[in-house]
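What follows is calculated from the coordinates using simple rules that are stated; it is not laboratory data. Note that the coordinates shown come from a computational prediction; the quantities given were computed from them, not determined experimentally. Every residue, glycine as well, gets a Cβ built from its backbone with ideal geometry; the counts of neighbours run over all protein chains shown.
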Amino acid sequence: MIRLGHLNDLDNIMRVINQAQKRMKEASMTQWQNNYPNLEILSQDINDKALFVYVDNGQIVGTMSVYAYDEVYDSIMGEWLNNNPYKVIHRIALSDSHINQHLIEEMINFIFSHFQIKDIRIDTHPLNKPMIKSLERQGFVNCGIVHVKTDSDSLRFAYHKNI
């Protein structure tokens, strides 16, 4: 089940985020290694009604934040598939116990149906091979490069899916 996150979910959301951060560090990624995302950012996502959690057997095992726009995506080195309104997914993560179960695909499909949209944009670090494989398996197209403001190693591959 996927639902909006609540402030009382923060400890469990951070557990999922911390596990993802550890996996990224073990894969020699700089992504999420600078106290990002943190409680303040995730609390703001919850207050914005933008943070969703994936619940399995009563446990939060996934999280993602979904917004209608990201100014970073205005400056792509490349070209988006179209200029349609879109949702952007940030801070998507799974617990260690639920990786390799295609839950990211379920989460992304939820966004398409929940918001009744046709376009999603997302970015990831070039070394984040599991996310790249997941996005490409789901039909996302690598449209170029964007530079995020949340990391000194700011280069990210920019993906777009239109259904």
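One table, with the values for the structure above:
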item: For segment 6-47 and segment 144-163, distance of Cα centres in Å; result: 18 Å
item: Rough spin-label spacing in nm, given labels placed 7 Å along Cα→Cβ, for residue 155 and residue 49; result: 4.0 nm
item: The chain: Lys pairs at Cα distance under 27 angstrom, eight or more positions apart or on different chains; result: 25
item: Highest average packing first - 85-98, 112-125, 64-77, Cβ atoms within 10 Å; result: 85-98, 112-125, 64-77
item: For segment 2-162: relative contact order, % (alpha-carbon pairs under 8 angstrom, 6 or more apart); result: 23 percent
item: Loop trypsin sites (Lys or Arg not before Pro), segment 130-163, which have at most 11 other Cβ atoms in a 10 Å radius of their Cβ (DSSP); result: 149
item: Amide hydrogen neighbours beyond the local backbone of residue 56, cut-off 5 Å, H modeled; result: 61
item: Whether the chain is rounded, prolate or oblate, judged on the alpha carbon gyration tensor where a/c under 1.5 counts as rounded; result: rounded
item: Helix-only [θ]222 nm of the chain, DSSP H runs n ≥ 4, -39500 (n - 2.57) each, per residue, nearest 500; result: -9000 deg cm²/dmol
